[in-house]
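What follows draws every value from the coordinates through simple rules; no lab data is involved. Values in this document were obtained by computation on a predicted structure and should not be read as measured data. Every residue, glycine as well, gets a Cβ built from its backbone with ideal geometry; the counts of neighbours run over all protein chains shown.
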Amino acid sequence: MNTGQWLGLVTGILFGFLLQKGRVLRFEKQIGAMLFKDMTILKFMLSSILVGMAGILLLSNFDIITLSHKPMNLGAILIGGGLFGAGWAIMGFCPGTSLGALGEGRWHAVFAIAGMVAGAALYAELYPFFKSTVLAWKDFGKIGLQDALGVSLWVIIPVFWAGTISLFFWFEKKGL
Amino acid sequence: MKWKTEDGGWNPYIAGALLGILAILSVLATTKFMSKTSYLGASTTFVRAAGILEQTIAEDHVASNEYYTKTKVLVDWQFMLVIGIVLGAFISSIMDKSFRLEAVPPIWKERFGTSIGKRAIGAIAGGIIAMVGARLADGCPSGHGLSGMMQLSTSSFVALVMFFGVGVLVARIVYGRRVS
C-alpha cells in the first residue's frame, strides 16, 4: 500500500472508532433524529462541525491548506439532496455509517451497502442523462457561504457557533 | 453534563468535538503527505467499488463509461478510509462490549415485523435511491454534512437541509404510524 492508502486506513479507523463511541452508527439513532425523538446524531455532527470549521477555516486563511467547495449546482443539489434524504430514511444508514454499522455487528447493513453499490453503478449509467439535463441547469460554482451572502467569514462563524450552541441548550432542555 | 451515555457510549458532544479535531488533523496530514488537501467523505468510494466489481464481468464497459473514467476506478485514500471505518467501529464495539449481531433494527421491527426479507428489500431500495441522490448532489452526510459544512460551502448547507428535510418527511410516512 502507498502512503495515501495507509493514511486513509489509519484515519478511517479513528473515524469509525469515534462514530461508534458517539453511538451514531445505529439505524435507530438515524431514524430517531428524523422522527425528532433522539438528536444524538445532530449533537455529534454539529459538534464536529463547530470544531472542524474553526480549525479548517483558520488553516486555509493562512494558506496552509486549500479548501475544496463542492459546486453549488442548484438542480443537482436540490434533487440529489432530496433523493438522498428519501433513501436515507428508508435505509436508515448513510454511506459512512453503513460501513460502521457492519463493524459493530449490525449485519443487515450489508443490504444497504449492496443497494448503494448498485445505486452507484446505476448513476454511472445515468450520468450522460443527468449531465445534459439537471447538471446543465444552473451552476453557481464552487462558492462559500460568504460569497453567497456577501458577509465576511469572521462574521458567519460566530453567528453559526452561537446558533448551534443555542440549539444544543434547547435539545438538552427538551431531553432530546 | 455526563461523560457517558446510558448505553455506555461517549457523550455525543465530546465524541463529535474529537471528530472535529480528527478532521483538522486529517486535512493537515493529507496536505503534507499527499500534497493535496483531502476531506473526509464516503460516497465516491461506492462508485469505485461498483466499478471494480463491474470490471470483473464487463471491463470494456467500465473503461468506456464516462462517469467511471471521470471518477477513476482505483483503491485510493478515501477507499481505505471507508474500510478503516469498519475496523474502527469493530474495535470500539468489542472494547466496550456493544458489539451485537442484529438482523432487523428496533424501529423497523416495530413497523414491519421481524422479516429479514422485508428489511433487505427496504435497505436495498433505499440504498439505490440514496446513492443516486448522493452522486447527483456530489456528496453524502460525510462529504457535505461534515466536510462541506466545516468549510462553510453554500452547496453543503442546501444539501444538508434537503437531506434532513426530505428525510424527516419520508421517515414520518414510513415509520410514523406505529412509532409514537
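Here are the numbers:
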read-out	value
Size-normalised alpha-carbon gyration radius of segment B:103-180, reference 2.2 N^0.38 Å	1.28
Listed residue (A:L153, A:F171, A:G75) projecting farthest to the positive dipole end of chain A, Cβ model	A:F171
For B:56-68, mean number of other protein chain Cβ atoms within 10 Å	2
Residue among B:G113, B:G51, B:G145 with the largest mean-square fluctuation in a Gaussian network model of chain B, springs linking Cα atoms under 10 Å	B:G113
Neighbourhood net charge (12 Å Cβ-Cβ; Lys/Arg +1, Asp/Glu -1) for B:D76	+3
The protein assembly as shown - charge dipole about Cα centre, Lys and Arg +1 at Cβ, Asp and Glu -1, debye rounded to 20	920 debye
Normalised alpha carbon radius of gyration of the protein assembly as shown [divisor 2.2 N^0.38 Å]	0.93
Average Cα contact separation per residue, chain A, under 8 Å, 6 or more apart, as relative contact order %	29 percent
Cβ-Cβ FRET estimate between A:A114 and A:K142, R0 fixed at 30 Å, reported to 0.05	0.40
Zone of A:L74's modelled label, taken as backbone nitrogen in segment B:126-145 under 17 Å from a point 7 Å along Cα→Cβ	B:137
Local electrostatic count, B:G143, Cβ distance below 15 Å [Lys/Arg +1, Asp/Glu -1]	+2
Lys, Arg +1 and Asp, Glu -1 on Cβ, resulting dipole of segment B:103-180 about Cα centre, debye, nearest 20	440 debye
20 Å Cα-Cα threshold exceeded, pairs from A:K43/B:K36; A:K21/B:K109; B:K4/B:K109; A:K43/B:K4; B:K2/B:K109	A:K43/B:K36; A:K21/B:K109; B:K4/B:K109; B:K2/B:K109
Fewest-first sequence of A:F36, A:F93, A:F62 by Cβ atoms within 10 Å of each Cβ	A:F62, A:F36, A:F93
Taking only Cα atoms of segment A:22-125, radius of gyration then Dmax in Å	16.2, 45
Prolate/oblate/rounded call for chain A, Cα gyration tensor, a/c under 1.5 rounded	rounded
Net charge, A:M45 excluded, C-beta distance under 15 Å - Lys, Arg +1, Asp, Glu -1	+4
Residues of type aspartates and glutamates that B:K72 reaches as a straight line, Cα spacing below 19 Å, ignoring anything fewer than 8 places off in the same chain	A:E125, B:E54, B:E59, B:D60, B:D138
Taking A:F129, A:F160, A:F140 and counting other C-beta atoms within 10 Å, the order from fewest to most	A:F129, A:F140, A:F160
DSSP H segments from chain A that extend 15 Å or more along their own axis, Cα-based, with Kyte-Doolittle mean of 1.6 or above	A:40-61, A:74-91
Residue mean of other protein chain beta carbons inside 10 Å, A:133-143	1
Relative contact order of chain B, pairs being alpha-carbon contacts under 8 Å that are 6 or more residues apart, as %	22 percent
Proximal lysines relative to B:K70, as straight alpha-carbon distance under 16 Å, when same-chain residues fewer than 8 apart are discounted	A:K70, A:K131
